[in-house]
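The values are calculated or read from the model by the stated rules, or taken from the named source; none is laboratory data. Just so it is clear, the structure is predicted and the values come from calculations on it, not from any experiment. Positions of Cβ are generated from backbone atoms using ideal geometry, with glycine treated the same way; all protein chains shown enter the neighbour counts.
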Amino acid sequence: MRPAESGAHGAARHHDWTLGLGLLVVGVVYVVSLPHVLGGSDEGIYLYEAKRLLDGGVFYRDIFDLITPGAHYLMAAVFAVFGATMETARLADAVIHGLVVLGTYATCRMLAVRRVLAAAAALTQLAVFQPAWPVASPHWLATLLGLLIIPALLGRPRGLLGLVAGVLAGLLICVQQQKGVAMTAGAAAFLLTERVLPSPTRGTTHPWRIPAFGAGIVLVVVPLGILLVLSAGVRPVVQALVLHPLLNYPRLNRTSWGSVGPFPWYARYTFPTALAAAPIVLSAIAAVRAGLQLVRREDGERLRRSVLLGLMAFASIASILYYPDYVHLSFIGAVFAIVAADLAEVALGALPSRSRFARWMVTLVPVMLLAATGAQLTRVMIGSWRDFPFSHLTPFGRMEFHEQHEIDVVERMRTVIDRSASRELFVYPFGAGFYLLTGTVNPTPFQFLLPAYSRPDQIDLTLTILEERQVPYVLVVSPMTPSDPVLRYVSSHFEQVEDQHGKLPLFRRVHGAGE
């Protein structure tokens, strides 16, 4: 660069760093400021399993889950440093969302998307995607890692960035293997395609770029695999990470594209129809654009970037096909925010530069998008606090609740359990959040157990543990069904607890019963 150009480039980078870090702070502060509501079964499972790791539990031996435990180890480490509380969990979640916002903005700027448009695209993470699943979850860490693969591959095609992309893909596999495999396949397809694209791209591709990508994956995945096998054994790991997702998960979890499904509450905060349509439309446009550029033999670097966006868009869709409801579509939203911003920038750049209408459009469209994003952020914040106005201090920290009745039931159960010498409680069939709310311990490895979902040996192991340990309390959150072996055991060995306010969903062991 000439000195003047170098100075201008340096100033632009300074502005980007300033705005990017500002967006990061906004993301963290915004998510932390939302009500701390313990979200259903999934968040309870994630946070409780991380807490069990902190207490010395071993994954796939003492703790069963069907995903790789990378996010759980990370949350356990955060708990070890800052304390195992809801505040810590939501701060960690907020940092992840802030980094997604920053990563989206940085990727858009690498694609030469103007700053205001890039900022609007980045803030859709807070305004549209996070409200669809406003809880701490391994899904959001997977979102961040999958997103970061794109800027790693966008940079100059050199071996070091191939290694970085491989490490990110490996980390993603260690957090959620099903998403990691899909996104890794997309990245590998791009690296292979990159080798045969028209020059100048082909001539500038480092020969070690693909091996470096593979080395990065091995560098991360192999040590975790060895750790898991040494601590739990080959069979439990294979059953949990391969057989259970392929055979057991589909029995209970099937849905149509973009469905609201069992999570209608969160749908009020976002736009399920848009979440369903955007990936299909944008991935199709991205594919057509890359195809046209290839036919026209356009600039090699521009074609390379179009191919990358198209392949990663399709890989993102593949990564959530196992359950493509609107919530899972929000987990890949950041990728499509980048694709949308890139396409919008191309459209704005195609307008006649001397036209007054074009000048107005170039200014107004990004500003209007940013204003609409701000209005949505305000709507979500106000609505969330209106829906969860009751605050209460629990053994896991302060949380917000929808109704006072929810707090009363938890406290009534805590009063009963506190009279026991044991802190063991089994929640059936799911609802691990109750362990956090009551300060109790699950004596079994299972936070989610159903005859239609779990293996027969897992049901048998649970019944054996309940009997051998004489677990004093079982919390039943589903209707009593005589055909259910666990509920049949509960009905013959336990009695429902009742206090001065009425019956609780809590069952107390009756010694001598069932013998």
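Couple of notes before you dig in:
Listed here are the residues, each with its yes/no results for (1) of a type in the set (A, V, I, L, M); (2) in a helix (DSSP H, G or I).
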{"residue": "ASN248", "(1), (2)": "no, yes"}
{"residue": "ARG254", "(1), (2)": "no, no"}
{"residue": "SER259", "(1), (2)": "no, no"}
{"residue": "TYR269", "(1), (2)": "no, no"}
{"residue": "THR273", "(1), (2)": "no, yes"}
{"residue": "ALA277", "(1), (2)": "yes, yes"}
{"residue": "LEU282", "(1), (2)": "yes, yes"}
{"residue": "ALA286", "(1), (2)": "yes, yes"}
{"residue": "GLY291", "(1), (2)": "no, yes"}
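- Residue match in region 325-345 (condition: in a loop (DSSP other than H, G, I, E, B), under 24 Å from the mean Cα position of the chain (by Cα) and modelled with pLDDT of 95 or more): yes
- Matching residues, region 301-334, being β-branched (Val, Ile, Thr) and either crowded, with 23+ Cβ neighbours inside 10 Å or not assigned by TED's automatic domain parsing to the domain that holds GLN177 (or both): VAL307, VAL327, ILE332
- Exclusive hit being touching a residue at least 60 places away in the same chain (Cβ under 8 Å), part of a helix (DSSP H, G or I) and assigned by TED's automatic domain parsing to the domain that holds GLN178, set VAL26, VAL78: VAL26
- Region 112-170: number of residues that are free of Cβ contacts under 8 Å to residues at least 60 places away in the same chain, assigned to a helix (DSSP H, G or I) and over 17 Å from the mean Cα position of the chain (by Cα): 11
- Which numbered condition GLY103 fails, given (1) under 11 Å from the mean Cα position of the chain (by Cα); (2) assigned to a helix (DSSP H, G or I): (1)
The rows are residues; the columns are (1) under 30 Å from PRO479 (Cβ atoms); (2) in contact with a His (Cβ under 6 Å, 6 or more places away or on another chain); (3) without any contact (Cβ under 8 Å) to a residue 24 or more places away in the chain; (4) among the hydrophobic types (A, V, I, L, M, F, W, C).
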| position | (1), (2), (3), (4) |
| --- | --- |
| MET361 | no, no, yes, yes |
| ARG398 | no, no, no, no |
| ALA421 | no, no, yes, yes |
| PHE430 | yes, no, no, yes |
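- Which listed residue is within 23 Å of LEU449 (Cα to Cα) and exposed (fewer than 15 other Cβ atoms within 10 Å of the Cβ), from LEU247, LEU241, LEU230: LEU247
- Test: residue in region 28-47 that is within 30 Å of ARG235 (Cα to Cα), charged (D, E, K, R), in contact with a strand residue (DSSP E or B) (Cβ under 6 Å, 6 or more places away or on another chain) and surrounded by 18 or more Cβ atoms within 10 Å (Cβ to Cβ): no
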